[in-house]
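Since every read-out is calculated from the coordinates, none of them should be taken as a lab result. Bear in mind the structure is a predicted one, so any value in this text is a computation, not a measurement. Every residue, glycine among them, receives a Cβ derived from its backbone with ideal geometry; neighbour counts consider all protein chains shown.
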Amino acid sequence: MSVQEAPTAAVSGDTRERILDVALDLFTEKGYDKTSLREIAEQLGFTKAALYYHFPGKKDILLALHYRLHAVLEASMEETGGLDSDPSRWVDIFDHLIDQMLTHRKLILMHDRNRASFEQLHHDLDHQNAHDDLEEQFRRVLRDVDVPLRDKVRLTCAQGVFIAGAVLAGEELADVPSDQLAGELRSAVRDVLAQPDG
């Protein structure tokens with residue numbers, strides 16, 4: 001590698017991230033279907049041709065944004081060691097997931113507002129369940145015959161709190177500060193996962 005190559009690669013990576021940041025804003029505000037590549041390019045001061053250098057089409061931008069969200073969840077699972085059949089670990093895992101969700105509120109909101117486009121993307125690419133993602137980890141625990149039914153029900157309800165929190169964080173509760181919302185979501189998860197007396 002020459003001395004010239006590394007800075008060029010870094011600039012290219014930075015440009016790609018800038019494109020994704022602008023697309024994230026536009027897809028959130030206007031929707032994926034109503035946003036054109038021309039609008040993305042104009043926001044950046046680019047030509048469409050310059051945009052094509054980084055992304056062959058708008059669907060490639062959507063896919064890259066999907067991978068951003070997937071990477072957040074994957075990193076969260078790696079940092080916590082992943083979801084397993086041990087209920088004593090579940091509160092800590094959900095705490096971490098809630099932190100990540102609220103750190104990336106805009107990305108989750110964009111995903112929720114463009115649900116149909118993401119479903120079509122999955123269908124076109126046959127991409128669903130291609131990774132051992134968070135959803136698959138939940139399924140694996142629910143299929144585990146050694147996990148008592150009461151724990152499976154509580155885990156499923158805690159997952160519902162997390163998913164509902166993700167939706168509410170972006171839309172209905174968008175004006176609630178992240179730390180306040182995180183506290184309420186953590187409290188709800190703890191209520192759901194509490195072990196019954198006796």
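Summary table below
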item: Rough spin-label spacing in nm, given labels placed 7 Å along Cα→Cβ, for K30 and L142; result: 3.8 nm
item: Local net charge near R68, Cβ-Cβ under 12 Å (Lys/Arg +1, Asp/Glu -1); result: -1
item: Dipole magnitude of the chain, debye to nearest 20 (Cβ charges: Lys/Arg +1, Asp/Glu -1, about Cα centre); result: 540 debye
item: Helix-only mean residue ellipticity at 222 nm for the chain, each DSSP H run of n ≥ 4 adding -39500 (n - 2.57), per residue, nearest 500; result: -24000 deg cm²/dmol
item: Cleavage-rule hits (trypsin sites (Lys or Arg not before Pro)) in the range 31-86: DSSP loop, at most 10 neighbouring Cβ within 10 angstrom; result: K34
item: Footprinting exposure proxy for D25, D124 (fewest neighbouring C-beta atoms within 10 Å first); result: D124, D25
item: Net charge of neighbours whose Cβ lies under 13 Å from the Cβ of P56, counting Lys and Arg as +1 and Asp and Glu as -1; result: +3
item: Calculated over the chain: convex hull of Cα atoms, volume per residue (Å³); result: 157 Å³
